[in-house]
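Values in this text are rule-based calculations from the coordinates and carry no lab data. This structure is a prediction, so every number in the text was calculated from the model and none was measured. A quick note on method: Cβ atoms are made from the backbone with ideal geometry, for glycine too, and the neighbour counts reach across all protein chains shown.
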């Protein structure tokens, strides 16, 4: 929304947070409300759980996330807390933010493929159920490679108080299997 195109480093939003905090706050509040309304519609239509997906939070340090993004994440989730559905918060590249993401008030923290689940569990104090983190790049690998990876993910998640087995960030659009 800020840069008008996909971004690898999210320099535009990160700059806006600091250079124009009032506009940043208005934008994140609007986005939080829009996301919360959409999440509520999904849950009211029968979804069993709600997930707030934050695709750019991993470009932030902990202080910036806590000050400039976490309040909006909490605001989005406030739209559905009264429904009683389990809530998941997932972000890409957010290994250093897991505790702050949990602290916005969710039941489960999603972990991308970059961080082993046993380490995520350690960072969260062994008290938070986890979601993830099969590497989507391995979906097209030979079966023995994929199976070994899935078994590693299951073993790494076994120490958490709960583990929702899932991809650790998205399903590839098209098959890439090599012949």
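Points worth noting:
- Over all projection directions, the Cα-based convex hull of region 116-179 averages an area of 4.3 nm².
- Rh by Kirkwood over Cα pairs, then Stokes-Einstein D for region 74-115 at 0.692 mPa s and 37 °C, µm²/s: 304 µm²/s
- Among 138, 77, 98, the largest mean-square fluctuation in a Gaussian network model of the chain (Cα springs under 10 Å) belongs to 138.
- Look at the alpha carbon pairs under 8 Å that are at least 6 residues apart: their mean separation over the length of region 9-107 gives a relative contact order of 34 percent.
- Out of every Cα-Cα pair that region 9-107 contains, those further apart than 15 angstrom amount to 59 percent.
- Gaussian network model of the chain, Cα within-10 Å springs - most flexible of 118, 20, 78: 20
- Separation of region 7-52 and region 105-173, taken as the distance between their Cα centroids, equals 24 angstrom.
- The chain - mean residue ellipticity at 222 nm from DSSP helices (-39,500 (n - 2.57) per run, n ≥ 4, rounded to 500): -12000 deg cm²/dmol
- Over region 96-137, volume per residue of the alpha carbon convex hull, in Å³: 65 Å³
- Counting every other Cβ atom within 10 Å of each residue's Cβ, 81, 173 order from fewest to most as 173, 81.
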